[in-house]
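Peer 1: Handing you a structure now.
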Amino acid sequence: MKRPVARTTAAVTEVVGAVARGRKDGRSARWAEHRAARRGELIEAAMGAIREYGPGVGMDQIARAARTSKPVIYRYFADKADLYRAVVTQTAGTLLERVVTALDGVTDPRAELAAGVDAFLSMLEEDPELYRFAVSRPIDRDADDVVRDYTSTIGEIITQRLRGHLAEHGRDPAAAQPWGIATVGFLRAAGDWWIDHHDDMTRRQLADYLTSLLWGGAAGVYALGGVEVDNRPSEYLFPAL
């Protein structure tokens, strides 16, 4: 029995529609991929311009670095603040990644602290202008919220590790939370000072000094939990002690 014309027409229409939707979805996917890739390129160009011109970089300088025009940039970002926040997000993410990578596989408490401090300072030393722009002096409240989210994550990593060490010794891990938060604030404050005073202290000196100061406090936290740790001062800065 032959299929009625109406049903055949409907079936053909459905197939044609499905093909058209597939083509549209394919174009949409390709455009989304292109847009994401182009945004990434423009973010990298903006970061390069910041390194060259400092945190006061303007859109004209970014456009030159990207070898394009401001109108083209605004096809991919709503406005200047949108681009700047994307730079802040990527920079803060890189800082977090450095710290996480530095702590990977390290189990000794003091070695953990030293590795985290050095990873934090390494970014300030290698990318001072970008750090100034993105972390030290965020452009607006939204950007500052991004930085807070990432630094809070670092604080939580420190907290979890300290809590784990205390729990391992059967002690109350409650002291870990405020210490983890305070450690991040301490490092940011010291980093904000050092980024403008590199001539006063090398990265190695500052890393060792901050580690000694922080470990002195961390050792106190361990002591509150009844855990004995080596709390001798840094042999590098205080060789005679």
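Peer 1: Give all pairs with beta carbons closer than 8 Å in which a residue from segment 31-45 that is over 22 Å from Thr94 (Cα atoms) and free of Cβ contacts under 8 Å to residues at least 40 places away in the same chain meets a residue that is surrounded by 13 or more Cβ atoms within 10 Å (Cβ to Cβ) and not acidic (Asp, Glu); count only pairs at least 6 apart in sequence or on separate chains.
Peer 2: Hits for this filter: zero, empty list.
Peer 1: Kindly list the number of the only condition in (1) under 24 Å from Asp144 (Cα atoms); (2) among the hydroxyl-bearing types (Ser, Thr, Tyr); (3) not assigned by TED's automatic domain parsing to the domain that holds Ser136 that fails for Thr68.
Peer 2: Just one mismatch for Thr68, condition (1).
Peer 1: Sticking with this one: Counting just the residues of segment 186-204 that are without any contact (Cβ under 8 Å) to a residue 60 or more places away in the chain and in a loop (DSSP other than H, G, I, E, B), which one comes out nearest to Gly54 (Cα to Cα)? It would help to see each step written out before you state the result.
Peer 2: Of segment 186-204, the ones without any contact (Cβ under 8 Å) to a residue 60 or more places away in the chain are 186, 188-190, 192-193, 196-197, 199-202, 204.
When the remaining residues are screened for being in a loop (DSSP other than H, G, I, E, B), the result is 196-197, 199-202.
On the way: Asp196: 13, His197: 16, Asp199: 19, Asp200: 21, Met201: 22, Thr202: 22 Å.
Step by step, filter segment 186-204, then rank; the result is Asp196.
Peer 1: Test Thr101 against the criterion of being among the polar types (S, T, N, Q) and surrounded by fewer than 20 Cβ atoms within 10 Å (Cβ to Cβ), and give yes or no. It would help to see each step written out before you state the result.
Peer 2: Values: among the polar types (S, T, N, Q): yes; surrounded by fewer than 20 Cβ atoms within 10 Å (Cβ to Cβ): yes.
For Thr101, the condition - among the polar types (S, T, N, Q) and surrounded by fewer than 20 Cβ atoms within 10 Å (Cβ to Cβ) - is met.
Peer 1: Going through Arg171, Arg148, Arg163 one at a time, which residue ends up being modelled with pLDDT of 80 or more and more than 21 Å from the chain's Cα centre (by Cα)?
Peer 2: On the way: Arg171 fails: modelled with pLDDT of 80 or more; Arg148 fails: more than 21 Å from the chain's Cα centre (by Cα).
Answer to the check: Arg163.
Peer 1: Could you count how many residues in segment 137-152 are surrounded by 17 or more Cβ atoms within 10 Å (Cβ to Cβ) and not in a loop (DSSP other than H, G, I, E, B)?
Peer 2: Filtering segment 137-152 for residues surrounded by 17 or more Cβ atoms within 10 Å (Cβ to Cβ) gives 138, 143, 146-147, 150-151.
Remaining after also requiring not in a loop (DSSP other than H, G, I, E, B): 143, 146-147, 150-151.
Total meeting the criteria: 5.
Condition check ((1) in contact (Cβ under 8 Å) with a residue 24 or more places away in the chain; (2) part of a helix (DSSP H, G or I)) across all residues:
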site: Val106; (1), (2): no, no
site: Leu113; (1), (2): yes, yes
site: Ser122; (1), (2): yes, yes
site: Ala134; (1), (2): yes, yes
site: Ile154; (1), (2): yes, yes
site: Leu166; (1), (2): yes, yes
site: Arg171; (1), (2): yes, no
site: Trp179; (1), (2): yes, yes
site: Val184; (1), (2): yes, yes
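Peer 1: Now for a separate question. Condition (residue is exposed (fewer than 15 other Cβ atoms within 10 Å of the Cβ) and under 17 Å from Met123 (Cα atoms)) applied to segment 168-188: is it met by at least one residue?
Peer 2: Checking segment 168-188: at least one residue is exposed (fewer than 15 other Cβ atoms within 10 Å of the Cβ) and under 17 Å from Met123 (Cα atoms).
Peer 1: If you don't mind, another one. Can you say whether Val146 is assigned by TED's automatic domain parsing to the domain that holds Trp215, β-branched (Val, Ile, Thr) and closer than 17 Å to Leu187 by Cβ, as far as the supplied structure shows? Write out each step before concluding.
Peer 2: Numbers: assigned by TED's automatic domain parsing to the domain that holds Trp215: yes; β-branched (Val, Ile, Thr): yes; closer than 17 Å to Leu187 by Cβ: no.
Here the answer is no, as Val146 does not meet what is asked.
The values are calculated or read from the model by the stated rules, or taken from the named source; none is laboratory data. Quantities reported herein were computed from a predicted structural model and do not represent experimental measurements. Heads up, the Cβs are rebuilt from the backbone with ideal geometry, glycines too, and the neighbour counts pull from every protein chain shown.
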